[in-house]
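The values are calculated or read from the model by the stated rules, or taken from the named source; none is laboratory data. Note that the structure is predicted; figures quoted are calculated from it, not measured. Note that we place each Cβ from the backbone using ideal geometry, even for glycine, and neighbour counts take in every protein chain shown. In case anyone asks, the SASA skips ligands and DNA or RNA and just uses the protein heavy atoms, side chains included. Shrake-Rupley method; radii C 1.70, N 1.55, O 1.52, S 1.80 Å.
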Amino acid sequence: MPNPAFRLAALMSPERAADVVDADTRRLIEERFDANWATVDHSISPGSLAKPPALDPAAVPELAAGADVLLTSWGTPHLPKDLWADGNGPKVVAHAAGTVKNLVDPAILDQGVAVFSAGPRIAWSVGEYCLGALLTLARRLPRFDAAIRDGGWKQTGYRGHELAGAKVGIIGASSTARALITMLKPFGCDLAVYDPHLSDQRAQELGVRTTTLEDAASGPFLSIHVPNVPETKGMITRALIENLPDGAVVVNSARGPAIDQQALLEHALDGRIYAALDVYDPEPPAFDAATLRSPNLLLSPHIAGDTAEGHLALAGYVLRDALRWLADGTRGASFVDPAAWSIAA
């Protein structure tokens, strides 16, 4: 019979749990934890039919009482510092979602609480999106698709291009960027990365070259992977967009405020460049009919990291690392380094 060593509180609605906890992880939880799951009575409406119900903030203290591990996800409210007020609060916060900045106060890190985020797992899903967007726009597939729908056939005004061997500028060496870099390796691209926090040694390990922002944003392909912090707001300026070569492909799966969206749209609508946008400023966007019809734009509703397989893997991804940390202090891939808090997404 299982002999759970730790107590776990699943601070998410049953609907969200069904979204991020696969069958193997449920068995793991049953074997390794004394689990306290939130019920429908602990949930509140998130205010959107597109989202599962959220957890009622008032339910957090009750569910978390005596827990060693808090399993959280989207819809989990901010965790109050009061949970750790007596010095005997949960040892671990395992977040089956991305950023933890709105979930926990960094002060709890000073108390030895280990925080884990499934951001690196989501990053792989985002990397696939970016690779797909780069290839789709490089080959001008939306334009060919539009031509067919309009009754056309072969097009003589434009041709697709290859990604192989091309220069790809990558802004930010985040986990999503690293996933994309891994996927681009077979293409033999010149990977030019701008990130002031990326050391030469780490760049060498990744197989990329570090460069200036201006150089990274001067080639035929540009992918943005920066966190939403004051330093990145508007960093892809109108001047940089104007300096892109004709036919360039821009992919933004990071944060809408990182780029001058108006300038990008103007150049895409003029037919000069191509852009795949999964994030916007503001969200959701309110585009006019001409923008929505443009074959130079590939638009998606902030779903780059949203896949069926990816979501179901999230709880297991953080809990396995949490168990290793509880056993011997091992910092797995999902461990949130307190030293990197200020530059984390």
Scanning region 319-345 residue by residue, those surrounded by fewer than 13 Cβ atoms within 10 Å (Cβ to Cβ) and within 30 Å of ILE171 (Cβ to Cβ) turn out to be ASP337, ALA339, ALA340, SER342
From the option list ARG27, ARG7, single residue qualifying as assigned to a helix (DSSP H, G or I), open to solvent by 70 Å² or more (accessible area, probe 1.4 Å) and closer than 24 Å to ALA114 by Cα is ARG27
GLY112: passes all of (1) surrounded by fewer than 21 Cβ atoms within 10 Å (Cβ to Cβ); (2) among the small types (Gly, Ala, Ser); (3) in contact with a strand residue (DSSP E or B) (Cβ under 6 Å, 6 or more places away or on another chain) but (3)
Going through region 123-174 in order, the residues found to be open to solvent by less than 40 Å² (accessible area, probe 1.4 Å), in a loop (DSSP other than H, G, I, E, B) and in contact with a Gly (Cβ under 8 Å, 6 or more places away or on another chain) are ARG140, ALA166
Please work out if ALA177 is assigned to a helix (DSSP H, G or I), under 20 Å from THR136 (Cβ atoms) and either touching a residue at least 60 places away in the same chain (Cβ under 8 Å) or in contact with a His (Cβ under 9 Å, 6 or more places away or on another chain) (or both). yes
Selection from region 323-345 of residues under 19 Å from LEU71 (Cα atoms) and among the aromatic types (Phe, Trp, Tyr) yields TRP325, PHE335
* Asked: If we scan region 184-201, do we find a residue that is among the polar types (S, T, N, Q) and loosely packed, with under 14 Cβ neighbours inside 10 Å?
  -> yes
Scanning region 42-100 for residues that are surrounded by fewer than 20 Cβ atoms within 10 Å (Cβ to Cβ) and at positive phi, the one modelled with the highest pLDDT turns out to be GLY66
Heads up, the strands (runs of 3 or more DSSP E) in region 33-122 (entirely inside) with at least 2 residues that are out of contact with any helix residue (DSSP H, G or I) (no Cβ under 8 Å at 6 or more places or on another chain) and in contact (Cβ under 8 Å) with a residue 24 or more places away in the chain are 33-37
Picking from ALA254, ALA203, ALA248, the residue that is under 19 Å from ALA276 (Cβ atoms), without any contact (Cβ under 8 Å) to a residue 60 or more places away in the chain and under 24 Å from the mean Cα position of the chain (by Cα) would be ALA248
Kindly establish whether ARG32 is within 26 Å of ALA5 (Cα to Cα), open to solvent by 80 Å² or more (accessible area, probe 1.4 Å) and among the basic types (Lys, Arg).
yes
